[in-house]
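Inspection log for the structure reproduced underneath, given as structure tokens.
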Amino acid sequence: MIKAEQIIQALQAKGTAERAEHAQRYFKTGKGEYAEGDVFWGITVPELRRIAAKYGKTMKIEEVLPLLKHEVHEARLIAVFILVGMFERGDMFTKEQVYNVYLKHTIYVNNWDLVDSSAHKIVGAYLLNQSDTSMLYQLAESSLMWDQRIAMVATLAFIKKGKLDNTFDLALKLIHHPHDLMHKAVGWMLREAGKKDLDRLREFLYAHSQNMPRTMLRYAIEKFPEVERKHILHVVSKGEIKGY
């Protein structure tokens, strides 16, 4: 049976210093940046997915934890790929196990690519079949930004099924978030919700766009017709919401 240590060895052999340096700039690992101190080996995502697919099927959940807790970014990313695979292949008992382990270790799901690769596929997919979705709101109220992003991105699973209430509720709850990464996440989910119900997105923007960070608004209206997009940005910049 494959062990975390063997996967770590496989990962180390795939990295390059050039890609690692580029990743550290791209993922903002410098002092004072959102991923300060994160470590990269410089491994491509396709290679990580290939290794996850090759070895993940024989692993147990507890064997994935050393990867999830590892200091190197790619080890944590391959861990979430493996957990997603376990969830998607598993029965209801396994899905619940993966969901619970994931939520107990969100401190390690600590960059946007880790969140965006897993939140909707584990948290969202699990809660989609539950009557109680309060965990989304608990995560949104967390002091940890990555928990808040997990909450928002998890709603993508709901959006795909045409269930939009949680997305709009959380967007309103997080509309004043101070960080650009949350502005992008909220705007992204609003854009996706608009693909299912454009009138509802327009109604939301009519009511709240004046209070939205510009990045959030730009993401939300990215797929609007160009004329309408420019009009919305213009009236918001002028404070002329009435009549838009």
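Structure above, values below:
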read-out	value
Boolean, Phe27 is within 25 Å of Ala151 (Cα to Cα), at pLDDT below 95 and open to solvent by less than 60 Å² (accessible area, probe 1.4 Å)	yes
Helices (runs of 4 or more DSSP H) lying entirely in segment 1-55 (those with 2 or more residues that are without any contact (Cβ under 8 Å) to a residue 24 or more places away in the chain and within 14 Å of Asp113 (Cβ to Cβ))	17-26
Members of segment 96-136 found to be open to solvent by 50 Å² or more (accessible area, probe 1.4 Å) and either touching a strand residue (DSSP E or B) at 6+ places or on another chain (Cβ under 6 Å) or within 20 Å of Lys28 (Cβ to Cβ) (or both), listed by number	Ile107, Tyr108, Trp112
Any hit, segment 137-150, residues being open to solvent by less than 30 Å² (accessible area, probe 1.4 Å), closer than 24 Å to Arg89 by Cα and not charged (D, E, K, R)	yes
Residue list for segment 5-33, restricted to those being among the aromatic types (Phe, Trp, Tyr) and under 19 Å from Leu68 (Cβ atoms)	Phe27
Any hit, segment 167-185, residues being at pLDDT below 95, touching a Phe, Trp or Tyr at 6+ places or on another chain (Cβ under 7 Å) and over 29 Å from Gly32 (Cα atoms)	no
Tally, over segment 220-244, of residues that are modelled with pLDDT of 95 or more and closer than 14 Å to Ile159 by Cβ	1
Segment 179-218 - residue that is among the aromatic types (Phe, Trp, Tyr) and under 13 Å from Ile232 (Cβ atoms) and, of those, surrounded by the most Cβ atoms within 10 Å (Cβ to Cβ)	Phe204
Qualifying residue in segment 77-89 (condition: open to solvent by 80 Å² or more (accessible area, probe 1.4 Å), under 26 Å from Gly124 (Cα atoms) and of a type outside the set (Val, Ile, Thr))	yes
Identity of the residue in segment 199-226, of a type in the set (D, E, K, R) and either under 13 Å from Ile175 (Cα atoms) or in a helix (DSSP H, G or I) (or both), that ends up farthest from the chain's Cα centre (by Cα)	Glu226
Residue list for segment 31-48, filter: open to solvent by less than 30 Å² (accessible area, probe 1.4 Å) and at negative phi	Ala35, Asp38, Phe40, Ile43, Leu48
Residue selected from segment 58-76 under the condition modelled with pLDDT of 95 or more, more than 14 Å from Ala10 (Cβ to Cβ) and not in a helix (DSSP H, G or I), by the criterion least open to solvent (accessible area, probe 1.4 Å)	Lys69
Failed condition for Phe81, given (1) without any contact (Cβ under 8 Å) to a residue 40 or more places away in the chain; (2) closer than 18 Å to Thr16 by Cα; (3) within 19 Å of the chain's Cα centre (by Cα)	(2)
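The values are calculated or read from the model by the stated rules, or taken from the named source; none is laboratory data. As the structure is a computational prediction, the values presented were derived from the model and not from experiment. Every residue, glycine as well, gets a Cβ built from its backbone with ideal geometry; the counts of neighbours run over all protein chains shown. The accessibility values were calculated without ligands, DNA or RNA, using every heavy atom of the protein model including side chains. Shrake-Rupley method; radii C 1.70, N 1.55, O 1.52, S 1.80 Å.
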